[in-house]
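Here's the structure, in structure tokens; my notes come after.
The values are calculated or read from the model by the stated rules, or taken from the named source; none is laboratory data. None of these values were measured; they are calculated from a predicted model. All Cβ positions, glycine included, derive from the backbone under ideal geometry; neighbour counts span all protein chains shown. SASA here: full protein model, heavy atoms, side chains in, ligands and nucleic acids out. Shrake-Rupley method; radii C 1.70, N 1.55, O 1.52, S 1.80 Å.
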There are 4 protein chains.
Amino acid sequence: MRTKTGDKEKDILEAAISVFAENGYHNAKIQKIAILAGVAIGSVYVYYKNKEAIFSKIVERLWTDLYNQLQQIDDRADISTAEKFDALIDVLFDAFFDKPFLARAIISEGSNQIEKDNNAYMEPYRNFMTLGEKIVEDGIKENIFNPNIDIKIVRSFIFGGFRFLLYQWACAPQDSSLSLIRQNVKFFCKKGMLNSNMA
Amino acid sequence: MRTKTGDKEKDILEAAISVFAENGYHNAKIQKIAILAGVAIGSVYVYYKNKEAIFSKIVERLWTDLYNQLQQIDDRADISTAEKFDALIDVLFDAFFDKPFLARAIISEGSNQIEKDNNAYMEPYRNFMTLGEKIVEDGIKENIFNPNIDIKIVRSFIFGGFRFLLYQWACAPQDSSLSLIRQNVKFFCKKGMLNSNMA
Amino acid sequence: MRTKTGDKEKDILEAAISVFAENGYHNAKIQKIAILAGVAIGSVYVYYKNKEAIFSKIVERLWTDLYNQLQQIDDRADISTAEKFDALIDVLFDAFFDKPFLARAIISEGSNQIEKDNNAYMEPYRNFMTLGEKIVEDGIKENIFNPNIDIKIVRSFIFGGFRFLLYQWACAPQDSSLSLIRQNVKFFCKKGMLNSNMA
Amino acid sequence: MRTKTGDKEKDILEAAISVFAENGYHNAKIQKIAILAGVAIGSVYVYYKNKEAIFSKIVERLWTDLYNQLQQIDDRADISTAEKFDALIDVLFDAFFDKPFLARAIISEGSNQIEKDNNAYMEPYRNFMTLGEKIVEDGIKENIFNPNIDIKIVRSFIFGGFRFLLYQWACAPQDSSLSLIRQNVKFFCKKGMLNSNMA
DNA sequence: TATGAATGAGGATTCATTCAT
DNA sequence: TATGAATGAATCCTCATTCAT
């Protein structure tokens, strides 16, 4: 039989990331994905039920990966909660460090439905968020973080800010370095804007 | 009795806000907008060149309004820069306080093109952002804000965070109060997460 | 405004009859119908929700018409039940007398679902059948028809036979005259095949 | 253990009957047939040229069988022509007696092309019909049947009626017993509807 | 023979936009 | 201005068939 040569499933996913990145979900054409992946249109449907399924898979894969990373970090007994929070930010940034296409694909239109829908593919995302909240909660218990902050709100604020910065960077990677952004985000989250040198 | 002039244009815009909010840009049907506005499809095109122009107008009107408000605040000599920053956050929140539809319409898919394109209608948005940056810059000069933060990055971070919180709130207004969100954002921006009571 | 010129709705229906007749339901292309009707593809969808709706309309119109005719016949007090049954056969034949396309469109594949589904558009058909059964029942009560026949079965047998003859004729109208067919059907239904001259 | 040769071809055919029956020709998927037959898709094409060929084979097999049965009946010298006609009806009914799937498969959409095309696979069907006509002709010569009936027309009428009844029964076997139908068909064909008890 | 991954032509339907009135 | 019937390009997805193994 005609055997799977190479990894068409992966080729299609990679192609889809590029096309979603460049055009957004609604303007991404299946044909374009197929051509970029070097397969026939029909082959796309051999591996994925439909357009949405491709997008879902991209999202799911990403958050599953991030969740696993965060879990390993959280499991460590040798680092402090503050360091874990730091690592959380790092995990997010590293995931997209050399993948602006992935960033744009995930973030551009279509993903605002995020959290809203109960689709199974969003579970890894929710797991990640829950674990992130737990780390912040730990920090509050340990008196590292301010107990007056609303965790859910702050979590969304940070995530939204990260998302938007990432998207801007993905659209024009040369405009600012991701490490400068990372540094600012960390500083901002932890210390805010006020000048602590002030009286 | 509805007088004829001026109203239709506004009716269409209001209807469009609802429809964009409920369906997102790509799933918003011109016909639905027309019906909701109580006009014929053709009339939509008398007042607006095309679908995008309607969306642009909504965005433009919003940011023009916000920019004007921020300008008045910035012009005041009787309040401090810290208070101006505080007011900046308030302007953003007040704009959507009783308008979840507007929030969803503006933020949902389609508006990620924001900033990317150089369309004239984005000018009020850019003006607002520039003025916001100036206020922060003033704060840095006055030693209120930390001079090490990158203004552009922080500005985008705050805006992204605000945007995401707003969208979540707009999708489920009952889940959390906008004033609680506002309070947390202000606190977070200014003081960050660290517990300043700590030694 | 661009006003309805001519009767596009009717043009489309007539075109659809031809195309369904020639190709059967599944092989009838909407584009072909549109071209034949002299309208744009989109116009088809202005008047009909989808392909199935066009077919339904054809069927519905036909049976509504036939039912009305049969009702008028049944209402008459001046003719006998035997004559009414005769007229019932005539109604069926006359409906297709100069419309082989209509016959083929209705009968070819797709209409075997007939009776099976409860779609509203089948109601006129069911009305016709019910009234037909009533006429036969009357005949039985009046001792004209044999009381041992199962009305439902006989009704379906006659209808199926008519249907098949009609389809064959519609495919090759020249092969046999419809009036010869009509005459045989009437004779067969009433007297069967046995030679009554026989002892 | 299933022996290898001969079985697959038959398995596919049996599976096809079920799938055609349940879905009709156009909605029958080759994949479904393959799965039901327990073979690979490709294997279907080892035994049959294409979808149509499978359908043709079903039809051909059926009519070949029926024709052979009818031939044996016709060859008998010990029964009258009237009894042969009776047996003809029985052959038809018996063929489907415990096989509603076969009935639906054969009759549902797609088989109206029957008689229209000159494909070789229709020959057994035509043979059966010709032999059926001969029996009726014999009956006419023997003065059993009425000489005024048009054999071709009556033959199609009976066949169409049988076909439709069969289809209805196959769709809902519990609604009426096949033997009641058979009995009515025989009576109707031979004696028609008129009450011969009447003066 | 047997397999099933790969193919790609084909078609129903949508909907922003136009334009004759 | 106002209308809404008319347009048709554009696209997702299906599925019979092929063919390399």
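Quick one: of C:Lys141/D:Lys141; C:Lys8/C:Lys99; D:Lys49/D:Lys134; B:Lys29/C:Lys51; C:Lys51/C:Lys134, which pairs are farther than 28 Å apart, Cα to Cα?
C:Lys141/D:Lys141; D:Lys49/D:Lys134; C:Lys51/C:Lys134
Over chain B, what is the mean sequence separation of C-alpha contacts under 8 Å (at least six apart), divided by residue count, expressed as relative contact order in percent?
That works out to 24 percent.
For C:Arg76, go 7 angstrom from Cα along the Cα-to-Cβ vector, then report the distances to that same point in the other copies in nm, smallest first.
In ascending order, 4.7, 9.3, 9.8 nm.
Enumerate the calculated ³J(HN,Hα) couplings along the stretch C:70-78 in order (Karplus 6.51 cos²θ - 1.76 cosθ + 1.60, θ = phi - 60°), each rounded to whole Hz, writing x wherever the residue is Gly or Pro.
My calculation for the stretch C:70-78 gives 5, 4, 4, 5, 5, 6, 5, 9, 8 Hz in order.
Consider the operator that turns chain D into chain B: which D residue has a Cβ nearest its axis, and what is that gap in Å?
So the closest residue, with its distance, comes out as D:Asn27, 15.
Using only atoms on other chains, find how many Cβ atoms lie within 10 Å of each Cβ of peptide B:20-33 and report the average.
Whole-number average of other-chain Cβ neighbours for B:20-33 is 1.
Got the C:Gly42 label distances to the other copies yet, label 7 Å along Cα→Cβ, in nm, shortest first?
1.5, 3.2, 4.7
Within the accessible area of the stretch A:73-196, what % is carbon and sulfur when the probe is 1.4 Å and the other protein chains stay in place?
After summing per-atom areas, the C and S share lands at 52 percent.
Given the protein assembly as shown, report the % of alpha carbon pairs whose separation exceeds 41 Å.
Pairs farther apart than 41 Å: 55 percent.
Suppose you put the label 7 Å out from Cα in the Cβ direction; list, shortest first and in nm with one decimal, how far A:Asp150 is from each other copy's label.
Counterpart label points of A:Asp150 in the remaining copies fall at 3.1, 7.2, 8.5 nm.
Tell me, what is the FRET efficiency for D:Glu137 and C:Gln174 to the nearest 0.05, using R0 = 25 angstrom and their Cβ-Cβ distance as r?
Plugging the Cβ-Cβ distance into 1/(1 + (r/R0)^6) gives 0.60.
What accessible area, summed over both chains, is buried at the C-D interface (1.4 Å probe, Å², nearest 100)?
The contact between D and C buries close to 4600 Å².
Viscosity 0.692 mPa s, temperature 37 °C: what is the translational diffusion coefficient of chain A from Stokes-Einstein with a Kirkwood Rh over Cα pairs, rounded to a whole number of µm²/s?
Roughly 178 µm²/s, to the nearest whole number.
Let me check I have the definition right: for the stretch A:1-70, take the eigenvalues of the Cα gyration tensor, multiply each by 5, take square roots. What are those semi-axes in whole Å, largest first?
21, 16, 10
Step by step: find N for the stretch B:148-192, compute 2.2 N^0.38 Å, then divide the Cα radius of gyration by it. What's the final number?
After normalising by residue count via 2.2 N^0.38 Å, the value is 1.25.
Within 10 Å of each Cβ in C:163-176, how many Cβ atoms from other chains are there, averaged over the peptide?
Mean partner-chain Cβ count within 10 Å for C:163-176: 4.
Could you work out the mean count of beta carbons from other protein chains within 10 Å of each residue's beta carbon in D:177-185?
Whole-number average of other-chain Cβ neighbours for D:177-185 is 3.
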